[in-house]
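Structure first, then comments.
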Amino acid sequence: MTLTRQFTHLVISGLVVSSIMAASCSNANPLQETSFTFSGYIKADAMVSQYSDGTLGSGSIGRDFYIPSLTPTGGVKESAQFDAHIKQSRFRFTTTTLLSNNDKITGVLEFDFHTTPDGNERVSNSYQPRIRHAFLKYNNWLIGQTWSTFQDVRTLPESLDFIGVTDGTVFVRQTMLKYTSGAFEVSLENPETTVSPFGGNGRIVTDDNSVPDLAARYTFNQAWGHVAVAGLVRQLAYENKQNGNDIDSAEVGYGLSITSKIKLGEDDLRIMANIGTGLGRYIALNAVNGAVLDANNELDAINVRGLTLAYRHFWDEKWRSTFSYAVFSADNDTTLTGVNVLKETYSVRANILYSPAPELTFGAEYAYAQKTLESNIDGDMNRLQFSAKYAF
């Protein structure tokens, strides 16, 4: 039995079992009711990419969607590359149960097909599903995996690319314990530290953190839109005493994020400004690590910043466009990191989308991106993307 059939069988079996359990509970207690919803979208993408200084090999995730750190630099220009896939397609299961105490509990399980290791384009183009969200909500509490509280999802612009303004935005999903009270949110989230070795040229994923990351957000909602202010405090840690090593270092990382979506009639303007030290994996898809080791095997946190501006314009009720700009930069101490590390990336993009009905969208998008190293060697990407999306 193939993985897809196994997964489908598992999902269907799970729904049947859940329905039976819900019915049994309902018979035992008539006050308990469970409702199920299934939503998501089917999306097909086709894109042509041209790189000025090298190429991305077959199977590279950078050919599926834009990742700032993967723009080639210092290589030889090759011909344009064409790719087509359905990996962004996703499906979401949501349950809501009315408990015997008249409280409600909600469960969410969502999958897509990006970044999975298996599957290729040679014969079947098969790809494994991966978990995006898996959480429960009870009263003011959320437990499970979803968007980091440090991230403002409502400010992400409409893009054919998976993220689009990747350079300038915070983008993280992880397991957390979250409390919400009105416009205020605070959470303890799963930690992880990425470290550059002394001299650069690599990434160490340590998993040596002893405390969770702390994130908080307050959102000011108004008739014209919203402004959100978020903060993050995290531990950067690396310990390695194996094979003659003597590394045991910790550093504090912190960040500030100010985001806003401003309504301009039918149009809107979206702004994201992020700054911090040791943000690492929280911004630009870990374009720069959270810290670098010095000659004494001590961690030195890296300062970073990111900015995004996006304007969406409705030409009429069926046609719309988004124009965006995103930039990321890092303050590397080149005496520690060397000069072959990322210094800055930026990208601009413009799209045109047509929706004959709210559930169906066809679009085209052009993107230009540039990456610069501390050595001032740079490279750029030109990409034209086409998409068809059916949401349900």
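Per the Kirkwood definition applied to all pairs of different Cα atoms, how many angstroms is the hydrodynamic radius of segment 91-158?
Result for segment 91-158 stands at 14.6 Å.
Which shape class applies to segment 81-206: rounded if a/c is under 1.5, otherwise prolate when a/b exceeds b/c and oblate if not, where a ≥ b ≥ c are the square roots of the Cα gyration tensor eigenvalues?
Taking the square roots of the gyration eigenvalues as a ≥ b ≥ c, segment 81-206 is oblate.
From the phi angles alone, apply the Karplus equation (6.51, -1.76, 1.60; θ = phi - 60°) to segment 110-118 and give each ³J(HN,Hα) in whole Hz, x where the residue is Gly or Pro.
10, 10, 9, 10, 7, 6, 7, x, 9
Specify the residue with the greatest mean-square fluctuation among G75, G144, G363, computed from a Gaussian network of the chain linking alpha-carbon atoms under 10 Å apart.
Fluctuation is largest for G75.
When the helix-only estimate is applied to the chain (DSSP H runs of n ≥ 4, each -39,500 (n - 2.57), divided by the residue count), what is the mean residue ellipticity at 222 nm, nearest 500 deg cm²/dmol?
-2500 deg cm²/dmol
Using the Cα gyration tensor of segment 182-341, with a ≥ b ≥ c the square roots of its eigenvalues, what is the shape: rounded (a/c below 1.5), prolate (a/b larger than b/c) or oblate (neither)?
Taking the square roots of the gyration eigenvalues as a ≥ b ≥ c, segment 182-341 is prolate.
Using a 10 Å cut-off on Cβ atoms, rank the peptides 260-269, 62-71, 279-288, 209-218 from the highest mean neighbour count down.
Ranking the peptides 260-269, 62-71, 279-288, 209-218 by packing returns 279-288, 62-71, 209-218, 260-269.
Top mean-square fluctuation among Y254, Y368, Y138, Gaussian network model of the chain, C-alpha springs under 10 Å?
Y138
What does the C-alpha gyration tensor say about the overall shape of segment 276-392? Classify as rounded when a/c is under 1.5, otherwise prolate if a/b is larger than b/c, or oblate.
prolate
How big is the Cα convex hull of the chain in projection, averaged over all directions, in nm²?
Over every viewing direction, the Cα hull of the chain projects on average to 22.6 nm².
With an 8 Å cut-off on Cα pairs and a minimum separation of 6 or more residues, tell me the relative contact order of segment 281-392 in percent.
19
So, in the chain, how many Lys pairs have Cα atoms under 23 Å apart, if the pair is 8 or more places apart or on different chains?
Counting lysine pairs in the chain gives 13.
Based on the mean of other Cβ atoms within 10 Å per residue, sort peptides 340-350, 156-166 so the most packed one is first.
Taking the mean over residues of other Cβ atoms within 10 Å, the ranking is 156-166, 340-350.
Residues with amide H under 5 Å of Q128's amide H, sequence separation 5 or more or different chain, H placed in the peptide plane at 1.01 Å from N; which?
Those lying under 5 Å, H to H, from Q128 are D118.
To the nearest 20 debye, what is the magnitude of the charge dipole of the chain about its Cα centre, counting +1 on the Cβ of each Lys and Arg and -1 on the Cβ of each Asp and Glu?
For this selection, approximately 1220 debye.
Quick one: Karplus J couplings for segment 361-367, per residue in order, coefficients 6.51, -1.76, 1.60, θ = phi - 60°, nearest Hz, x for Gly and Pro?
These are the phi-based 3J(HN,Hα) values: 9, 10, x, 9, 9, 10, 9 Hz.
Here, each number is a calculation from the coordinates, and none is a lab measurement. None of these values were measured; they are calculated from a predicted model. FYI the Cβ positions are ideal-geometry reconstructions off the backbone, even for glycines, and counts take in every protein chain you see.
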